[in-house]
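To start, the structure itself, in structure tokens.
The values are calculated or read from the model by the stated rules, or taken from the named source; none is laboratory data. Source: prediction; values computed, not measured. Every residue, glycine as well, gets a Cβ built from its backbone with ideal geometry; the counts of neighbours run over all protein chains shown. Side chains are part of the model used for accessible areas, which takes the heavy atoms of the whole protein and leaves out ligands, DNA and RNA. Shrake-Rupley method; radii C 1.70, N 1.55, O 1.52, S 1.80 Å.
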Amino acid sequence: MALFQSNNPVLKQSIFDRAAQQQGEAMSIRGTVNKMSFMLLLLVAAAVFSWGKFMLGGVSMVSGYMIGGGVGGFVLAMIIIFKKEWSGYLAPAYALAEGLFLGGISAMFSQAYNGIVVQAIGLTFGTFAAMLILYKTGVIRATERFKSIIFTATAGIAIFYLVAMVLRLFHVDIPLINGGGIVGIGFSLIVVAIAALNLIMDFDMVEQGVAQGAPKYFEWYASFGMMVTLVWLYLEILRLLSKLNRR
């Protein structure tokens, strides 16, 4: 179905094509919102726990939770993508894992730059609201051209980060991009913009899933997809703010 064409690796056309053929209660906008809200509560609770561990004992106290959360979140995400029927069980676990990771990271940034976390949270949800308004009012439409451009940009960023990670293993850094100069800030602004525009595709896929009568468990799957984008957006905004604070 052309309606389900998407370049979001979490929400793909083939997934919805198969799901639309299954019988049972269909997903709804309200159900998706409720499940997304529940997942956000789980993430915040886990983040508060991880933050508290950092405040008690520093990095050594929270590093295990961060590593476990980061690795566990990645593994859970891979399983959910290939076993979407399990999303009702695994999506909440993913939210908890990401919360443990984000709580530790946020505490570290907060210690280095006072007030940065509150700013990042505010900007993340402000961006989410702005993208939703732009989508609902039709200012930005999830056309096939739009999806292709955002997918290409997102893939390019992912490849760049992968290369940078490999280079870091050999103690090679990219100072211009990671630094607080004009180039580094400009790069972060572009990445934040791409992450924000991915939300438009997420909104479109949820709306099309409801229109095509996707099964009920897709509320969890769609919520998981949006959380993946939100976590990425938050981390990129945090990086951007840290660069601005260095100047």
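Data overview
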{"item": "Accessible area (Å², 1.4 Å probe, nearest 10) - Arg246", "result": "120 Å²"}
{"item": "Against the rule of thumb 2.2 N^0.38 Å, how large the Cα Rg of region 51-184 comes out", "result": "1.28"}
{"item": "Label-to-label distance, nm, for residues given as Val59 and Ile159 (7 Å Cα→Cβ offset)", "result": "3.3 nm"}
{"item": "Cα-based helix-to-principal-axis angle, 218-246 vs the chain, degrees rounded to 10", "result": "20 degrees"}
{"item": "Using θ = phi - 60° and Karplus 6.51 cos²θ - 1.76 cosθ + 1.60, couplings along region 167-173 (whole Hz; Gly, Pro as x)", "result": "4, 5, 4, 9, 6, 10, 10"}
{"item": "Computed Rg/Rh of the chain, alpha carbon atoms with Kirkwood Rh", "result": "0.97"}
{"item": "Shape parameters for region 186-247, alpha-carbon atoms, Rg then Dmax in Å", "result": "14.9, 51"}
{"item": "Carbon and sulfur %, accessible surface of the chain computed with the full protein complex present, 1.4 Å", "result": "70 percent"}
{"item": "Alpha-carbon radius of gyration plus Dmax, which is the widest Cα pair, for region 156-198 in Å", "result": "11.2, 33"}
{"item": "Compactness of region 144-247 - radius of gyration and Dmax, Cα, Å", "result": "16.5, 51"}
{"item": "With DNA, RNA and ligands ignored, accessible area of Trp51 (1.4 Å probe; Å², nearest 10)", "result": "80 Å²"}
{"item": "Å³ per residue enclosed by the Cα convex hull of region 84-132", "result": "83 Å³"}
{"item": "Label-point separation in nm, Leu41 to Val75, each point 7 Å along Cα→Cβ", "result": "2.8 nm"}
{"item": "Value at 222 nm in deg cm²/dmol, rounded to 500, when DSSP H runs of n ≥ 4 in the chain each add -39,500 (n - 2.57)", "result": "-28000 deg cm²/dmol"}
{"item": "Where the chain is the region considered: accessible area per residue in Å², 1.4 Å probe", "result": "50 Å²"}
{"item": "Rounded to whole Hz, the Karplus (6.51, -1.76, 1.60) HN-Hα couplings of region 99-109, x for glycine and proline", "result": "x, 4, 5, 5, x, x, 4, 5, 4, 5, 5"}
